[in-house]
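Structure, as structure tokens:
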Amino acid sequence: MHMADALINPAVGGTMWLVTAGLIAYCARKVKQTMNDRLVPMMGVLGAFIFAAMMINFSIPGTGSSGHLGGGLILTILLGPYAAFLVISSVLVVQAFFFADGGLLALGCNIFNLGFFPAFIAYPFIYRVIARDEYGTLRAWIAAIVAAVVGLQLGAFGVVLETKASGISELPFSAFVLLMQPIHLAIGIVEGLATAAVVAFVAHARPEALFPAQAVVEPRNSMRPVLIGLLIATVIVGGAASWFASTHPDGLEWSIAKVSGKEEVSGTEDNLHKGLGQLQEKTAFLPDYGFKSTETEAAPAEQTAAEPEQWPTISAGTSVSGIVGGLITLGLTVLIGFALKARRAGV
Amino acid sequence: MGLGQWLEIGRMDELGRLDTPAHRLDARAKVITTIVFIVVVMSFPRYEVSALTPFFLYPFALIALGRIPPGYILRKILLAAPFALVVGMFNPLLDHQVIASVGVWSISGGWLSFASIMLRFVLTVSAALTLIACTGIYRLGAGLERMCMPRVFVVQLLFLYRYLFVIVDEGARMMRSLELRSARPSSLRLRVYGSLVGHLLLRSMARADRVYRAMAARGFDGKIRALHRASFQWTDWAFTGGWTAFFAIARMWNLADALGRILAGGGS
Amino acid sequence: MSHHLVEVRDLHFAYPDGTDALKGVSFRITHGESVALVGANGAGKSTLLLHLNGYLTPTRGEIRIGETPLIRETAAAVRRAVGMVFQDPDDQLFMPTVFEDVAFGPLNAGLPPDEIEHRVVSALERVGMAHLRDRPPYKLSAGEKRAVAIATVLAMAPDVLVMDEPSSHLDPRGRRRLIELLKSFKHTKIIATHDLELVVELCSRVIVLDDGRVVAEGQAVELLNDETLMLAHGLERPHSLRHLHPH
């Protein structure tokens, strides 16, 4: 499931961007260290293969529906975690740009959700542990299914957390979880079956094909930096989210208040903030920003503490002017667009 | 993914190769501006609607300057809409607090935030699409690399793109030959699926090997070298600086509201 | 020192899965010669070609390019001397534009930018594709792709050109152009192909491979005219030669 830009705030999106960029840099270095020249073209071509494989469906036994390969797990089995993470990132970049699947701000989230979990959690800790070095056996099938399910469950949970931390969707946490996790259980089983079927075929038809590509060192010995990175990322995300929540009335706090019925979330407040508690309780359910613009909004970090009383109150007048102005602005932008175009065409 | 979508990619590729003022800008200038654009748009508070409208100027201007067919971008936006639409739809259902009224109608916060989500969705998606349509993946890749993206990553991304059509075409051919021989071609039994996709995978790997061979034959030794030619011109600085200033102004003052107030002669 | 000489002595090669692909191949090709390597599918042509620039390492035997024995240490130098044009141009043209593709080899050789520019332009002019320099390679026609693939190799200024099925996927006009182009090259040429008509036009000498061995070697017209020999090794006598009267 790809997250869209429209549902995350810059703090969450930016943090996940940083985390993902760090992971990409780390994986790129690891890939370089393998000194396996043929890995780079292999990565690119297998990324292209994933797109092609997505066109081909198989029928899911016992149901009327069909499914296809997702990509994360099979790429990791074929290329090892580091190279696979880079390839998954590229697949998502192409999807974001060419299919508008996901978005630029959400790209970090999407890469993390769909790349990190299969490559660095599901593969080393589940697939390798269950399947060991077997291919095409019952063990390998079970390994692929369990790994795919766990990878996607974690990814789906990531989507929920990131969306909630952004506080743009009103969907309650529990409802969102109940919506996402079962769907991804089904998707995970399908992905596991597809992965196992393809790997089993290759293991049978040309077993040697499975080994040379997987030249990257085993991840288990060198998992520590990745885990440390993850820990740091968690702290940063938590920090950013709570900062956003405490300075931004529509942040995490607001949505959690919405879900739990409680206005206060302990630990996210600072002293400055406390004095505003009363006001914030109200604003959380009230228009907070409404239509009117305030200069203070441009700098969310300083705004709430300093001049809380400037938050706008709503009047019909501002609403009307907002709507009228919005429509006219839209019209103007279209006109300017046409003018530019006409000028270009005339040149 | 159907084949139709692949034709769309081909179209995007052609657009990316045009030579217009928008295409001639340095890829980095457009990447930075697009990122600033998206961050600013997403930094608005949840109920904001009218202040977002001036931001349409940016994608519209790029579409016009880059001579991109607006209908094409619009169609792609509509295709991508369902996720934001589904998640956003919960807002009106869950948030009934009335926070504004227009004449006799009262508007709940849910509908406002929903409208805001959809506006942002259209803005961010169109910005990303116009970026790629005005830049093309190769210029974008070169730009990213010079913005400190690891070269290994950029190169395999470009390889992915280069072999996308080749491999998808191979997959499509295999599907076609299978369809000619089977009664119910739309979806396959798992075992057949495994061998079909497995074959495609083996072919892809063989392809990768041949590509590597061709690279090695021309002296490839694991290091990827590049010829850098483009440099940041004053137009690129002007582009990034000008738009960033515009975004900042539109973020600080609600331009649409101001305009409306002047024209409607009202407001508080 | 000239690299134009290619000498292969008692070459053996077995793939990791145990298949013996080459079982003692020997031949010698001298300066400026144009030699065809013919044989049925699976005869070992492609495997042999992959040895000529050190991509595969023989299990036994020796290859010399000019005075240089081809070993791991000399592979880089030999690759500069031996230009390989592969069967599928899509495998060979992997860069964003024609220019960058042609520049890939010179760039890896560490040449200065001016020299690279010069080499690319003259290689493209040589094959008549200079107007395509900024085009993406995958948008070209089959004939254009083939010509650009050849330019990518020419830009490395090789002494020896090795080609695998150069006329495959070409329409008659494209094939004709290719033949004229190759005729104009002064390089030592080794061409592996099933296109025996092309051999008649281009090559002075033919080496027939079957089951990993050289089964015949000699003057092109003479050898290709030997119907029994051709049929015995999964080939056929070229049609054009039927109208010639041997003498």
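The values are calculated or read from the model by the stated rules, or taken from the named source; none is laboratory data. No experiment lies behind these values; they were computed from the predicted model shown. Please note: Cβ atoms are built from the backbone with ideal geometry, for glycine as well, and neighbour counts cover all protein chains shown. Calculation scope for accessible area: heavy atoms of the full protein, side chains included, ligands and nucleic acids excluded. Shrake-Rupley method; radii C 1.70, N 1.55, O 1.52, S 1.80 Å.
The heavy atoms of B:LEU74 offer some 100 square angstrom of accessible surface to a 1.4 angstrom probe. Each listed q (0.18, 0.21, 0.27 Å⁻¹) maps to a log10 I(q)/I(0) for the range B:46-129, found by the Debye formula over equal Cα scatterers with no solvent: -0.81, -0.97, -1.25. Within the shell defined by Cβ-Cβ distances under 11 Å, the residues around A:CYS109 carry a net charge of -2, with Lys and Arg each +1 and Asp and Glu each -1. The Rg/Rh ratio of the range B:3-142, with both radii computed over alpha carbons and Rh defined as the Kirkwood radius, is 1.05.
Partner chain Cβ atoms within 10 Å, averaged over the residues of A:166-173 - can you pull that number for me? Numbers along the way, then the final one.
Working: counts 2, 1, 11, 12, 15, 8, 2, 0.
For peptide A:166-173, the averaged partner shielding equals 6.
How big is the Rg/Rh ratio for the range B:114-268, C-alpha atoms only, Rh by Kirkwood, two decimals? Dividing the radius of gyration by the Kirkwood radius yields 1.17. With Cα atoms as the point set, the range C:93-209 shows a radius of gyration and Dmax of 14.4, 43 Å.
For chain C, what are the DSSP H helices with axial Cα length of 15 Å or more and mean Kyte-Doolittle hydropathy of at least 0.5?
C:98-108, C:142-154
Based on the Cβ-Cβ distance of B:ARG75 and B:ARG191, what FRET efficiency does E = 1/(1 + (r/R0)^6) give at R0 = 35 Å, to the nearest 0.05? According to the calculation, E is roughly 0.40. Counting only protein chain heavy atoms and rolling a 1.4 Å probe, the accessible areas of B:ILE68, A:ILE145 rank, largest first, as A:ILE145, B:ILE68. For chain B, the longest principal axis of the alpha carbon atoms and the long axis of helix B:82-94 meet at an angle near 30°. Pairwise Cα distances in the range A:64-180 exceed 25 Å for 28 percent of all pairs.
Looking at chain C as a GNM with Cα springs under 10 Å, which of C:PRO16, C:PRO106, C:PRO137 has the largest mean-square fluctuation? Of C:PRO16, C:PRO106, C:PRO137, the most mobile in the Gaussian network model is C:PRO16.
What the Cα atoms of the range B:95-168 give is an Rg and a Dmax of 21.1, 60 Å.
Its residues counted as N, chain B yields a C-alpha radius of gyration over 2.2 N^0.38 Å of 1.29.
Computed over the range C:2-68, the quotient of the alpha carbon radius of gyration and 2.2 N^0.38 Å is 1.10.
Under a no-solvent Debye model with one identical scatterer per Cα of chain C, what's log10 I(q)/I(0) at q = 0.10, 0.16 Å⁻¹? The computed values of log10 I(q)/I(0) come out as -0.48, -1.20.
Counting every pair of alpha carbons in the range B:150-217, the share spaced more than 16 Å apart comes to 58 percent. Buried accessible surface for the B/C chain pair comes to about 2600 Å², total over both chains, computed with a 1.4 Å probe. Accessible area ranking (1.4 Å probe, heavy atoms, ligands and nucleic acids excluded), largest first, for A:TRP141, B:TRP105, B:TRP253: B:TRP105, B:TRP253, A:TRP141. For the residue pairs C:LYS45/C:LYS145; A:LYS32/B:LYS223; C:LYS45/C:LYS189; C:LYS145/C:LYS183, the alpha carbons lie more than 21 Å apart in C:LYS45/C:LYS145.
In the distance distribution for the range C:155-206, Cα-Cα pairs more than 14 Å apart total 52 percent. Remark: accessible surface ordering of A:LEU154, C:LEU124, B:LEU178 (largest first) is A:LEU154, B:LEU178, C:LEU124, probe radius 1.4 Å. Computed with every protein chain present, the accessible area of C:TYR15 is close to 80 Å² [probe 1.4 Å]. C:HIS194 sits with roughly 80 Å² accessible to a 1.4 Å probe, with DNA, RNA and ligands left out of the calculation.
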